[in-house]
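The structure appears right after this line, and notes come after that.
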Amino acid sequence: MTSSGITIAREDPRQPDVAKLVRDLDAMFHDLYPAESNHLVDIETLARPDIHFFVVRQEGKAIGTGALWHRDPAYGEIKRIYVTPEARGLKLGKLILAALEDNARQHGLALVKLETGTLQPEALGLFAKYGFVACGPYADYPTDDPYSVFMEKRLE
């Protein structure tokens, strides 16, 4: 997918410039939430074949990420949506979500889910704007984490 010098494509998260974005996102989460409320997956896990990891680039520079974890035939889980501070305001969140939803549809998934945090109003607003609704905890997430917000979206 391309738009005005911006591309988004599936890439290996272990590339140095991309791994830096993952570490930056980790640092942001560590600043926002207590350790027990950080439900992060590491770079090696993000490189597994059941996780489709996407990178947004502007003129070749990595400026954003997003991943779709093909959890099982029933749903995919959106992980690691991140846009660098200098690239915020370019509507990249919408671009990343669209790519992840397209990937889910291409692989026959009719439902995507995600877990995000209560202290991320921009993320919560983005997800709500694009059709995500509240749902209960899923997979191996704790059911009593006061910082977790669970959302899902049925795909058409």
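The values are calculated or read from the model by the stated rules, or taken from the named source; none is laboratory data. Model, not experiment: these values are computed from the prediction. Counting neighbours? That spans all protein chains shown, and the Cβs are built from the backbone with ideal geometry, glycine included.
No other residue among Val41, Val55, Val18 is within 24 Å of Phe150 (Cα to Cα), β-branched (Val, Ile, Thr) and at pLDDT 95 or above apart from Val55. Answer yes or no: is there a residue in segment 1-20 that is without any contact (Cβ under 8 Å) to a residue 24 or more places away in the chain, on the phi > 0 side of the Ramachandran plot and among the polar types (S, T, N, Q). Yes: one or more hits.
Could you tell me whether segment 127-150 includes any residue that is part of a helix (DSSP H, G or I), at pLDDT 95 or above and touching a strand residue (DSSP E or B) at 6+ places or on another chain (Cβ under 9 Å)? Break it down into steps so the answer makes sense when it comes.
So the first thing to find is which residues in segment 127-150 are part of a helix (DSSP H, G or I), and the list is 127-129.
Next, from what is left, pick out any that are at pLDDT 95 or above: 127-129.
When the remaining residues are screened for being touching a strand residue (DSSP E or B) at 6+ places or on another chain (Cβ under 9 Å), the result is 127-128.
Among the residues of segment 127-150, at least one is part of a helix (DSSP H, G or I), at pLDDT 95 or above and touching a strand residue (DSSP E or B) at 6+ places or on another chain (Cβ under 9 Å), which makes the answer yes.
Exactly one condition in (1) free of Cβ contacts under 8 Å to residues at least 60 places away in the same chain; (2) of a type in the set (D, E, K, R); (3) assigned to a strand (DSSP E or B) is not met by Arg71; state its number. It is condition (1) that Arg71 fails.
Which residues, counting only those in segment 49-76, are basic (Lys, Arg) and within 14 Å of Asp24 (Cβ to Cβ)? Across segment 49-76, the qualifying residue is only Lys61.
Residues in segment 55-65 include none that are in a helix (DSSP H, G or I) and surrounded by fewer than 18 Cβ atoms within 10 Å (Cβ to Cβ).
To keep it simple, each residue is scored yes or no on (1) in contact (Cβ under 8 Å) with a residue 60 or more places away in the chain; (2) touching a Lys or Arg at 6+ places or on another chain (Cβ under 6 Å); (3) surrounded by 14 or more Cβ atoms within 10 Å (Cβ to Cβ); (4) among the aliphatic types (A, V, I, L, M).
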position: Ile51; (1), (2), (3), (4): no, no, yes, yes
position: Ile78; (1), (2), (3), (4): no, no, yes, yes
position: Tyr82; (1), (2), (3), (4): yes, no, yes, no
position: Glu86; (1), (2), (3), (4): no, no, no, no
position: Lys91; (1), (2), (3), (4): no, no, no, no
position: Ala98; (1), (2), (3), (4): yes, no, yes, yes
position: Leu109; (1), (2), (3), (4): no, no, yes, yes
position: Glu115; (1), (2), (3), (4): yes, no, yes, no
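Can you confirm whether Ala47 is surrounded by 12 or more Cβ atoms within 10 Å (Cβ to Cβ), of a type in the set (Gly, Ala, Ser) and either in contact (Cβ under 8 Å) with a residue 12 or more places away in the chain or out of contact with any Ser or Thr (no Cβ under 9 Å at 6 or more places or on another chain) (or both)? For Ala47, the condition - surrounded by 12 or more Cβ atoms within 10 Å (Cβ to Cβ), of a type in the set (Gly, Ala, Ser) and either in contact (Cβ under 8 Å) with a residue 12 or more places away in the chain or out of contact with any Ser or Thr (no Cβ under 9 Å at 6 or more places or on another chain) (or both) - is met. In segment 97-151, the residue that is nearest to the chain's Cα centre (by Cα) out of those that are of a type in the set (D, E, K, R) and more than 16 Å from Trp69 (Cβ to Cβ) is Glu122.
Just to be sure before I move on: is Leu124 in contact with a Ser or Thr (Cβ under 8 Å, 6 or more places away or on another chain), in a helix (DSSP H, G or I) and in contact (Cβ under 8 Å) with a residue 24 or more places away in the chain in the structure I sent? Spell out how you get there, then give the answer.
Numbers: in contact with a Ser or Thr (Cβ under 8 Å, 6 or more places away or on another chain): yes; in a helix (DSSP H, G or I): yes; in contact (Cβ under 8 Å) with a residue 24 or more places away in the chain: yes.
Yes: the conditions hold for Leu124.
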